[in-house]
Amino acid sequence: MKTNIYRHRPAGLDETLTDAFGIEVYFSETLLKAIFYAGKSSKSWWFYRFKTLDEMIKRIYESVDRHIERENEKIQKRAEQKNAMSIFKASDYFDVGDIVVNTWGYEQTNVDFYQVTKVLNKKIMVREITFEISSAVGSMSANVVPVKDSFCDNEDSSYMLSLKAEIKTDGKIGCRICNPKSYYYFHKWDGKPQYCSWYA
C-alpha cells in the first residue's frame, strides 16, 4: 500500500525499504541510522542511530513483521464481523418494548433511554422515554432508571430514531444511529440504574 502522505526523510538516509500496509523505511548502512513509517500516518514509529548494522536490520524487520501481523489481525476481525452480520437478525435480540440506553458526555454524564417500537431485519425503531431518579449519589449526580411507556413526545420525529443493530466478534450486541451518522453507541438496558451527573 503506497501512501500519498508526506514523510520526512532525514539527511543522509538515501536508501528506502517498502513493504505492505504503507511501510516505508529510510535508512543508511553507513550512518547506521533509520526511520520507520507504517500505515497511513506521516508520523514515524521510531528514528534511531544504531551501534551495528545487524542491530539496525533486526530492528527494521521486527517492526515490519509486527505491523504486518497487526494489520492481518484487523483484516481477519473485519471478515469475522462481516460474517457475523450476514447471519445476524435484530429480532433474535430485540423485542418491541425493550429499552436501550445511550450514555454520553464529557464534563458531565448524560443518559438517554429509548423504547423499541419496531423491529426490522437489522434495524430497530425507538422513541425516547423519560427517566426517574432511583437514588442520589451527590449534590449533582444520581442513579436513574427509565419509565417504560412514558414517551417524551407525541410521536414527534425529533424523539424517534432508527438504529442499526450490530453484533461484535465478541458476541456483544449494540446499536448505532442510522442517519445522520453518529458515534453514539446504544446497548440494551440491563435493568440496572445508570449513573448521570449535571451542572447547576
Residue 135 vs. criteria exposed (fewer than 14 other Cβ atoms within 10 Å of the Cβ), at pLDDT 85 or above and over 24 Å from residue 97 (Cβ atoms): yes
Residue list for the range 40-65, restricted to those being part of a strand (DSSP E or B) and either surrounded by 11 or more Cβ atoms within 10 Å (Cβ to Cβ) or among the small types (Gly, Ala, Ser) (or both): 46, 47, 48
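Matching residues to (1) at pLDDT 90 or above; (2) not charged (D, E, K, R):
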| site | (1), (2) |
| --- | --- |
| 56 | yes, yes |
| 60 | yes, yes |
| 64 | yes, yes |
| 70 | yes, no |
| 80 | no, no |
Filter result for the condition that a residue is touching a strand residue (DSSP E or B) at 6+ places or on another chain (Cβ under 6 Å), modelled with pLDDT of 90 or more and within 24 Å of residue 85 (Cα to Cα), over 98, 190: 98
Residues being open to solvent by less than 80 Å² (accessible area, probe 1.4 Å) and basic (Lys, Arg) - total across the range 69-122: 1
Count of residues meeting criterion [of a type in the set (A, V, I, L, M) and farther than 23 Å from residue 198 by Cα] in the range 100-128: 6
Failed condition for residue 22, given (1) on the phi < 0 side of the Ramachandran plot; (2) open to solvent by less than 40 Å² (accessible area, probe 1.4 Å): (1)
Which listed residue, of 116, 101, 145, is in contact (Cβ under 8 Å) with a residue 60 or more places away in the chain and assigned to a strand (DSSP E or B): 101
Close pairs (8 angstrom Cβ cut-off, 6 or more residues apart or separate chains): without any contact (Cβ under 8 Å) to a residue 24 or more places away in the chain in the range 25-45, among the small types (Gly, Ala, Ser) and part of a strand (DSSP E or B) anywhere: 26/34; 28/34
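The values are calculated or read from the model by the stated rules, or taken from the named source; none is laboratory data. In this text the structure is predicted, and so the values were computed from the model without any measurement. Backbone-built Cβ (ideal geometry, glycine too); neighbour counts: all protein chains shown. For accessibility, only protein heavy atoms count, side chains too; no ligands or nucleic acids. Shrake-Rupley method; radii C 1.70, N 1.55, O 1.52, S 1.80 Å.
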